[in-house]
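The values are calculated or read from the model by the stated rules, or taken from the named source; none is laboratory data. Being a predicted model, the structure only gives us computed values, none of them experimental. Positions of Cβ are backbone-derived with ideal geometry, glycine not excepted, and every protein chain shown enters the neighbour counts.
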Amino acid sequence: MKRLGKIYILIIMLFLYLPILTLMVLSFNEAKSMAVFTRFSLHWYAELFQSKLMLGAIVNTFSIAILAALIATIVGTMAVLGIDAMKPRTENVLLAANNIPMLNADIVTGIALMLFFLMIGVPRGYCTILFSHATFCIPYVILSVRPRLNKNTDKLYEAALDLGASEKYAFRKIVLPELWPGISSGFLLSFTMSVDDFIITYFTRGAGINTISTLIYSEVKIGIRPSLFALSTIIFVVALVTLIIVNYKQNKADKMAA
Amino acid sequence: MISRKRYATPFIVWIIAGTLIPLLSIAYYGFTARDGGFTFANITAMFQHDHMQALGLSLLLAFISTLVCLILAFPMAMILKDSKYGKQGFMIFVFILPMWMNFLLRTMAWQVLLERQGVINTLITMVGLPRQELMNTPGAIVLGMVYDFLPFMILPIYNTVSKIDNHLIEAAYDLGASRKKVYTSVILPLSVPGIVSGITMVFIPALTTFVISNMLGGGKINLIGNIIEQEFTVNSNWYLGSGLSLVMMLFIIVSMLFLRKFDKTGGESLI
């Protein structure tokens with residue numbers, strides 16, 4: 001039984017990783033072939049980094065992700081504090097509305113936003129992508145910050161005020177530390193969702209602007225070039241290193257807590 | 001009180017401008033004719049042969065890929081539950097990592113493997129077999145969907161399965177239940193919330209995708225997502241595109257309500 005389980009894990013892992021591994025091997029291939037490896041070469045990496053389009057797309061992707069995550073985190077965290085003060089009925093209505101972008105199919109969200117921009121006559125470009133990304137990130141921030149707010153926070157805050165702290169000071173010293181784990185995970189979640197998004201960006205971008213995802217899509221449509229394999233390799237390695245660092249830090253924190 | 005109602009104002013404005021008005025504009029365009037009058041034609045257009053065919057194929061392929069994901073994911077989640085704690089962390093890491101890679105690149109990987117001059121065909125011809133047409137088939141699309149969405153099935157199921165108290169399972173065995181009985185009466189009912197959220201996270205993106213079908217179907221196989229996307233980007237017929245989107249949303253809502261009936265916890269384990 002144990003052996004069977006190990007074999008099963010192996011098969012699933014091969015299924016998940018062999019395609020990625022193939023791209024990584026082919027990215028170092030000198031020939032353009034998608035099957036035969038001729039000689040080791042780095043020239044697809046050179047091509048990737050010489051492409052102005054790609055560099056622009058990388059800058060757009062990350063600047064949009066950081067800004068969208070920042071906006072979503074601020075709006076979302078404020079929303080958690082605001083919603084908490086409302087009547088349960090209003091609270092439920094708002095939380096239900098908050099769920100819509102998460103449950104909706106991406107293509108519907110994308111089309112809806114595109115129609116909205118067309119209707120109000122805003123030309124599509126960097127700002128419309130940013131607005132759309134913040135829209136789908138806010139719900140995730142609210143979901144991760146809300147559980148951190150509890151009765152205790154309120155009491156400590158009041159106590160701080162009674163003891164003469166200013167509102168700002170009490171907020172900084174009591175509320176923010178209490179909410180912080182939720183805020184930071186909401187920010188990170190938003191950031192990764194934004195970097196990863198293709199469908200909503202596709203419908204809300206203008207003609208002249210690309211993120212990494214939309215650029216990949218338009219290039220794949222013309223014909224696959226090995227420079228995209230090089231890109232895959234880089235993204236994979238960056239993801240691997242980031243996840244290892246996050247895991248390592250978490251393990252360390254867990255051990256400290258224990 | 002730290003909480004002040006007015007803190008929620010930016011959020012409320014954002015929900016109205018970013019979610020509610022955009023959704024209403026789909027409804028508006030969906031019921032509007034090109035000349036501006038009210039019409040049902042954009043909705044009933046779903047009954048046209050091409051559109052029905054695309055919708056039928058989307059439902060079928062989404063159903064098959066969801067089923068395949070479920071069949072692959074459940075044993076995986078059970079194996080993970082039984083493995084040692086330290087190893088569990090590593091295994092979850094293994095399933096999360098591919099999710100961090102852009103899904104267009106992951107789909108492209110299968111294009112490279114399945115292409116006429118691709119890796120699999122090269123291997124096939126090397127052993128002396130004739131080349132196979134693997135690309136541009138419904139099978140290729142299902143493969144792409146399973147590959148892209150499998151982690152989204154494994155993780156929620158694992159999350160619920162790992163919380164099942166092992167004492168319950170042992171108690172069932174002690175009371176003389178067979179292996180099969182333990183699965184059907186104890187483990188399966190307790191893992192329903194995870195299965196339901198896994199199905200939601202696979203079925204809806206699979207039903208509405210246009211990217212996977214475009215990349216692995218070579219533009220020859222149209223799913224409902226492709227039809228809608230083309231109405232917006234190629235034909236610029238937002239009225240028809242909106243009408244068809246409304247019908248598609250109906251299918252999403254119906255399938256969600258259907259799934260919710262099974263999940264009494266109300267989708268808490270969605271994330």
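If the condition is being within 11 Å of chain B (Cβ to nearest Cβ), in contact (Cβ under 8 Å) with a residue 12 or more places away in the chain and assigned to a helix (DSSP H, G or I), then the range A:202-228 contributes A:Tyr202, A:Phe203, A:Thr204, A:Ile212, A:Ser213, A:Thr214, A:Leu215, A:Ile216, A:Tyr217, A:Pro226, A:Leu228.
Hey, among A:Ser33, A:Ser63, which residue is farther than 12 Å from A:Ala230 by Cβ, within 14 Å of chain B (Cβ to nearest Cβ) and without any contact (Cβ under 8 Å) to a residue 12 or more places away in the chain? Even if it seems obvious, please write down each step before you answer.
Working: A:Ser63 fails: within 14 Å of chain B (Cβ to nearest Cβ).
Result: A:Ser33 is the single residue among A:Ser33, A:Ser63 that is farther than 12 Å from A:Ala230 by Cβ, within 14 Å of chain B (Cβ to nearest Cβ) and without any contact (Cβ under 8 Å) to a residue 12 or more places away in the chain.
The helices (runs of 4 or more DSSP H) found wholly in the range B:1-71 and carrying at least 3 residues that are more than 11 Å from chain A (Cβ to nearest Cβ) occupy B:41-44.
On the basis of being surrounded by 13 or more Cβ atoms within 10 Å (Cβ to Cβ) and not in a helix (DSSP H, G or I), does A:Ala165 make the cut? The answer is yes for A:Ala165. Restricting the range B:83-112 to residues that are at pLDDT 85 or above and of a type outside the set (A, V, I, L, M, F, W, C) leaves a set whose member that is surrounded by the most Cβ atoms within 10 Å (Cβ to Cβ) is B:Thr107.
Among the residues of the range B:181-202, are any in a loop (DSSP other than H, G, I, E, B) and of a type in the set (D, E, K, R)? Walk me through how you get there before you give the answer.
First, the residues of the range B:181-202 that are in a loop (DSSP other than H, G, I, E, B): B:191.
Next, from what is left, pick out any that are of a type in the set (D, E, K, R): none.
No.
Being more than 20 Å from the chain's Cα centre (by Cα), under 30 Å from B:Thr208 (Cβ atoms) and either in a loop (DSSP other than H, G, I, E, B) or assigned by TED's automatic domain parsing to the domain that holds B:Ser185 (or both), is that true of even one residue in the range B:123-132? Yes.
For the range B:200-229, what are the residues that are of a type outside the set (Gly, Ala, Ser), away from every other protein chain (no Cβ under 12 Å) and surrounded by fewer than 24 Cβ atoms within 10 Å (Cβ to Cβ)?
Taking the range B:200-229 as the starting set, the residues that turn out to be of a type outside the set (Gly, Ala, Ser) are B:200-205, B:207-212, B:214-216, B:220-224, B:226-229.
Still in the running and away from every other protein chain (no Cβ under 12 Å): B:202, B:220-222.
The answer is B:Lys220, B:Ile221, B:Asn222.
Which one is nearest to the chain's Cα centre (by Cα), of the residues in the range A:93-148 that are among the small types (Gly, Ala, Ser) and modelled with pLDDT of 95 or more? If we take residues in the range A:93-148 being among the small types (Gly, Ala, Ser) and modelled with pLDDT of 95 or more, then A:Ala134 is nearest to the chain's Cα centre (by Cα).
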